[in-house]
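Written out below as structure tokens is the structure these notes cover.
The values are calculated or read from the model by the stated rules, or taken from the named source; none is laboratory data. Because the structure is predicted, anything quoted here is derived from the model rather than measured. Cβ: placed from backbone, ideal geometry, glycine included. Neighbour counts: every protein chain shown. The area values use the complete protein model at the heavy-atom level, side chains included, leaving out ligands, DNA and RNA. Shrake-Rupley method; radii C 1.70, N 1.55, O 1.52, S 1.80 Å.
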Amino acid sequence: MSTINDQHYIDKVLQGDTNAFATLVDRYKDMIFSLALKMVKNREEAEEVAQDTFIKIYSSLSKFKGDSKFSTWIYKIAYNTCLDRLKKSKKEDSNISIDEFSAHLIKTMDNALNALEEKERKQTIQKSLNLLPSDENFLLTLFYFDDQNLEEIGKIMNISANNAKVKLFRSRQKLAVILRQQLEPEIIECYERER
């Protein structure tokens, strides 16, 4: 990420330099898309949500007062856009794996085996996250993968930091149960093959 802060580009956009918005889009497009994908669980819809989010960000940029980090502000817009989409479509059925295996990056057999193990681990976690309700999946993603603190998560999700802490604890417990259910059959299969 560039050393020039977001406020510089926000100011340029507000002064009429619409090209400066492209820099902000470029900085946050992956983050917005991955969050949308976690919530709507459909690649095409996530792309639409991301586009809608950036349209909303652009049209309400003058409302950003700097009370929180810019990333927190846009997370909140993305979160609300996802909620609107989910309410509209009322479906939470199709799961999608975010991480795709890139074989061309692997140089040696050891790297290949490690990458496969890592991919399996990520797929298991992703599959388990997708079994959680969207808001819990989103909360865990914000905390663990996007390094948002409880205060920022509270602002994004319109809840208090304490409420975010409680929800995070409960979501972690649910995820642990799901992971155990996902992993036990694999472990049992592995032991049976070794006999």
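If Tyr9 satisfies all but one of (1) more than 19 Å from the chain's Cα centre (by Cα); (2) in a helix (DSSP H, G or I); (3) without any contact (Cβ under 8 Å) to a residue 12 or more places away in the chain, what's the number of the condition it fails? Result: Tyr9 fails condition (3) only.
Is it the case that Lys29 is in contact with a Phe, Trp or Tyr (Cβ under 8 Å, 6 or more places away or on another chain) and in contact (Cβ under 8 Å) with a residue 12 or more places away in the chain? The answer is yes for Lys29.
Within the range 40-61, the set of residues being free of Cβ contacts under 8 Å to residues at least 24 places away in the same chain and crowded, with 18+ Cβ neighbours inside 10 Å comprises just one member, Ala46. Cβ-Cβ distances below 9 Å connect the following pairs, each with a first residue in the range 149-176 that is at negative phi, a second residue that is of a type in the set (D, E, K, R) and assigned to a loop (DSSP other than H, G, I, E, B), and a separation of six or more residues or different chains: Glu152/Lys69; Lys155/Asp67. Residues that are in contact with a helix residue (DSSP H, G or I) (Cβ under 6 Å, 6 or more places away or on another chain) and farther than 27 Å from Ala164 by Cα do not occur anywhere in the range 34-49.
Applying the set (1) at pLDDT 90 or above; (2) open to solvent by 40 Å² or more (accessible area, probe 1.4 Å); (3) not hydroxyl-bearing (Ser, Thr, Tyr) to Ile10 leaves exactly one unmet item: (2).
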